[in-house]
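Undergrad: Sharing a structure here in structure tokens format.
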Amino acid sequence: MKQKKPHTNKKKIEVLFAYLFLLPNLIGFLVFTLLPVFTSLLLSFFEYQGLSLSWPPNVSFVGLENFIELLGFHREAGAIIANDPLFWKYLWNTIFLMVGIPFAMAGALILAILLNKKQKGIVVFRTIFFLPTMCQTVAVALLWLWIYNYDYGIINTFIRNLGDLFNLNLEGVHWLSAEWIKPSMIIASTWTYLGGTNMILYLAALQNIPKELYEAADIDGASNLQKFWAVTWPMISPTTFFIAVMSVIGGFQGGFMFAYIFAKGGPHGASTTLMYYIFDNFFTWHNFGYACCLAWFMFVLIFGATLINWRYGGKLVHYT
Amino acid sequence: MSDNKVDLSKIKVLNRKKPGEKVSVGYYILLTLVACFMIVPLLWMISTSLKNPADVFVYPPKWIPDYNYIIEDGNKVEVNVINEVYEIKYISGALKGTKSTVPKGNIDVEWRRWWTPWDKVNLVNTSKNKKFPRWDEVEILSGVATLDILFVKDGVTNFRTKEVSVDKVFKGVRPVWKNYSKVIEVMPFLRFYWNSFIVSVLITFGQVLTSAMAAYSFSRLNFPGRDKLFLGYLATMMIPYAVVLVPVYILMNWLNWVDTFRALIIPGMFSAYGTFMLRQFFMTIPVDLEDAAKIDGCNFLRIFWNIILPLSKPALATLTVFTLLGSWMSFMWPLIVTNSVSMKTLPVGLAYFQDTGFGTQYELLMAGAFMAIIPLVIMFVFTQRFFVEGIKMQGLKG
């Protein structure tokens, strides 16, 4: 008995200490993450509208009505029409913007292969490639707004000069028009993130490939292209998979900042993404319930995309 | 032992002779091209930020901000070209080889395309499309220009008109630094800076501290419910930010924190991801060190402070750098919780700057944008290593 007492005492102190250390983070976690997550779910079953957030709140329980409004359809003059056609349009915009993902990934891989050589000055190039990622803020969006200027922007100038070289009367593109704003956003964000996180991840993956594999391929007389498809590509497939999953997850939540700076989600909603629609519902129109409902729908999408990726993408991946 | 040594040296020789390490000139050209693609937009930002407002909307665009001058009595004198008569020779296009004399108003002399060398070639619009002209190259043989001459002597500015021959007018390079001071004048830009600075620093301090303490608890101490709680942390990492946005805003409103530093800072001070990352790192530190310290009578606080923290400097630095960057760039949350101009952070301030009538004054917008990215670029140059390591750590997670 006498031997056990100090031991249990020590244990008590340890537990007390553990909780004490955990406390600040735990409070923050509860107040700013866990509680809001459940409140958000709860709110999506309510209509909570009003310009002022007065107390008591102007809340009424509507059951699944928000979700029906979001995902449902109704018959109108013989045709089937979505209850919220805007939502489907913006969902389409969000998915359209993801077309850029494979290009961005291929670009990041090419840059990583270029940098994966022990040459003089390679760090300088890595720094330059990383630079746009570092600058990515509203500043970059403003810069691209100016680059996309129809009359005086450098891209249209370049197109006109190119046209002059081949005697074509090219006039350039209205980059921020309804047809072009989504490709414009893809180009701008690809430029921004090309040499960033994904490139570094690929670089790390390339550096982890054992040299022996290439030596064996050399002995077999493989060409560079053969070496890429037979050695490099399978060895980096887990990284490719990881980047793809993260890009899709990011893609569902993306597009807000460029859309806000370029055209405030316009013209005519052409650049409004899911995230932007949540922002509008919440911040502009104060439809708190509907915004929460949208956010939860986005969560389900992300969860689903992750599951599909893990379920089917796993077959394409070579794990050693 | 000796066998090992022989093997090692052989491998090194093999590596050095590996054909894959040889690179061609083409490789460097490709690298340089990509680097240009990355850097040209940034140079365009700097170029625009240093232009006269009158030079921003010119076609074709100028890359170097410039002015005209002549030399009089050995002094540079700034001039404005009003009217010129040139004798010109066409060196390309349909009129190739012919000469003619044309006043400036008729031929719209532009003195260069944006990629041709300075002053070598002049261009004449030969297409009917006024807005998007097609240029023929001409060579200026001689000419006389009537010039508005701007004298600046002893602080007094004088104008007079004078005829000067064209070959005596020079182009000088002059960046308009005034744009930067003007941005600070028309916008409380320094205030935005200060807000961004204080918000990012406090968020980072709070997040690193609370994450490290929680991570220590999760990785080193035993308490009931530890693993379940940690699982809860992990589960929330996948939930998108949008889900918590509305309730946290309502909470801020309820606490009357909207439009204060508290709303900008406090919700950002806690991070499940930071806790997770540090916990993973702490797990790799050998427990033996602590056991030795415990025998010496160290308490948990001292173990945390004197052993765990010093040993995890790289992980702490990585988290610090990432959090600083993330909070410096954060856009949506500051946009939502700030109303008054004096509370805006740099990104929100820039967007506000664009919205309040300066949206077409690109020289000012670009000056502001450049000022906003400078601290990030400086920070990056000094902390590059941590970025690279941090990103690799993220990759290992998956």
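Undergrad: Counting Lys +1, Arg +1, Asp -1, Glu -1, what net charge surrounds residue A:44 among other residues with beta carbon under 13 Å of its beta carbon?
TA: Once all neighbours under 13 Å are counted, the net charge is -3.
Undergrad: Here is a follow-up. Once phi is turned into ³J(HN,Hα) by the Karplus curve 6.51 cos²θ - 1.76 cosθ + 1.60 with θ = phi - 60°, what whole-Hz value does each residue of the range B:239-245 show in order, with x for glycine and proline?
TA: Ordered by residue, 3J(HN,Hα) equals 6, x, 4, 4, 5, 8, 4 Hz.
Undergrad: While we're looking at this one, here's another question. Using +1 at the C-beta of Lys and Arg and -1 at the C-beta of Asp and Glu, which of A:226, A:276, A:146 has the Cα lying farthest in the positive direction of the dipole of chain A?
TA: Towards the positive end, the residue furthest out is A:226.
Undergrad: What does the charge count around residue B:226 come to, taking other residues whose C-beta lies under 14 Å from its C-beta (Lys +1, Arg +1, Asp -1, Glu -1)?
TA: That sum, taken over residues with Cβ under 14 Å, equals +2.
Undergrad: At 222 nm, what value in deg cm²/dmol follows for chain A if DSSP H runs of at least 4 each add -39500 (n - 2.57) and the sum is divided by all its residues, to the nearest 500?
TA: Dividing the helical sum by the residues of chain A leaves -19500 deg cm²/dmol.
Undergrad: Further, regarding this structure: Please turn the phi angles of the range B:336-348 into ³J(HN,Hα) values with the Karplus equation 6.51 cos²θ - 1.76 cosθ + 1.60 (θ = phi - 60°), one per residue in order, whole Hz, x for glycine and proline.
TA: Karplus-based 3J(HN,Hα) across the range B:336-348 equals 6, 8, 10, 10, 7, 4, 6, 9, 6, 8, 4, x, 5 Hz.
Undergrad: Right, something else. For residue A:258, what charge total do you get from the other residues with a beta carbon under 13 Å from its beta carbon, if Lys and Arg give +1 and Asp and Glu give -1?
TA: Overall, the nearby charge balance is +2.
Undergrad: Now a separate question. Measuring from label point to label point, each 7 Å out along Cα→Cβ, what is the residue A:283 to residue A:300 span in nm?
TA: Going from the residue A:283 label point to the residue A:300 one covers 2.6 nm.
Undergrad: Quick one: dipole size for chain A, taken about the Cα centre, charges +1 on Lys/Arg Cβ and -1 on Asp/Glu Cβ, in debye to the nearest 20.
TA: Roughly 1720 debye, rounded to the nearest 20.
Undergrad: If you build a Gaussian network model of chain A, linking Cα atoms that sit under 10 Å apart, which residue out of A:195, A:163, A:255 swings the most?
TA: A:163
Undergrad: Something else about it: Please identify, among A:264, A:227, A:120, the residue showing maximal mean-square fluctuation in a Gaussian network model of chain A using a 10 angstrom Cα cutoff.
TA: Between A:264, A:227, A:120, it is A:120 that shows the largest mean-square fluctuation.
Undergrad: Using the number of other C-beta atoms within 10 angstrom as an exposure proxy, rank A:67, A:297, B:322 with the fewest first.
TA: A:67, A:297, B:322
Undergrad: For the range A:87-316, what number of Lys pairs, 8 or more residues apart or on separate chains, have alpha-carbon atoms under 25 Å from each other?
TA: For the range A:87-316, qualifying lysine pairs total 11.
Undergrad: Springs between alpha-carbon atoms under 10 Å, Gaussian network over chain A: tell me which of A:206, A:294, A:274 tops the mean-square fluctuations.
TA: Looking only at A:206, A:294, A:274, the largest GNM fluctuation is found for A:206.
Undergrad: Something else about it: What is the set of long-range amide H partners of residue B:72 at a cut-off below 5 Å, with H atoms built 1.01 Å from backbone N?
TA: B:77
Undergrad: Please report the Cα spread of chain A along all three principal axes, rounded to whole Å, starting with the longest.
TA: 79, 72, 40
Undergrad: With θ set to phi - 60°, apply the Karplus curve 6.51 cos²θ - 1.76 cosθ + 1.60 along the range B:220-236 and write out the HN-Hα couplings as whole Hz, x wherever there is a Gly or Pro.
TA: 10, 10, 9, 8, x, x, 4, 5, 5, 4, 5, 4, x, 4, 4, 4, 7
Undergrad: So how far, in whole Å, is the C-alpha centre of the range A:185-200 from the one of the range A:100-116?
TA: Result: 9 Å between the Cα centres.
Undergrad: Partner chain Cβ atoms within 10 Å, averaged over the residues of B:380-388 - can you pull that number for me?
TA: Mean partner shielding for this stretch: 3.
Undergrad: Okay, moving on. With unit charges on the beta carbon (Lys/Arg positive, Asp/Glu negative), name the residue among B:232, B:214, B:297 whose Cα is farthest towards the positive pole of the charge dipole of the range B:183-397.
TA: Among B:232, B:214, B:297, the one farthest towards the positive end of the dipole of the range B:183-397 is B:297.
Undergrad: How many angstrom lie between the Cα centre of the range A:214-239 and the Cα centre of the range B:343-364?
TA: Cα centres, the range A:214-239 to the range B:343-364: 50 Å.
Undergrad: Using +1 at the Cβ of each Lys and Arg and -1 at the Cβ of each Asp and Glu in chain A, identify which of A:82, A:59, A:195 lies farthest towards the dipole's positive end.
TA: Value computed over the given set: A:195.
The numbers here are math on the coordinates, done by the rules we state, and not lab data. As the structure is a computational prediction, the values presented were derived from the model and not from experiment. Positions of Cβ are backbone-derived with ideal geometry, glycine not excepted, and every protein chain shown enters the neighbour counts.
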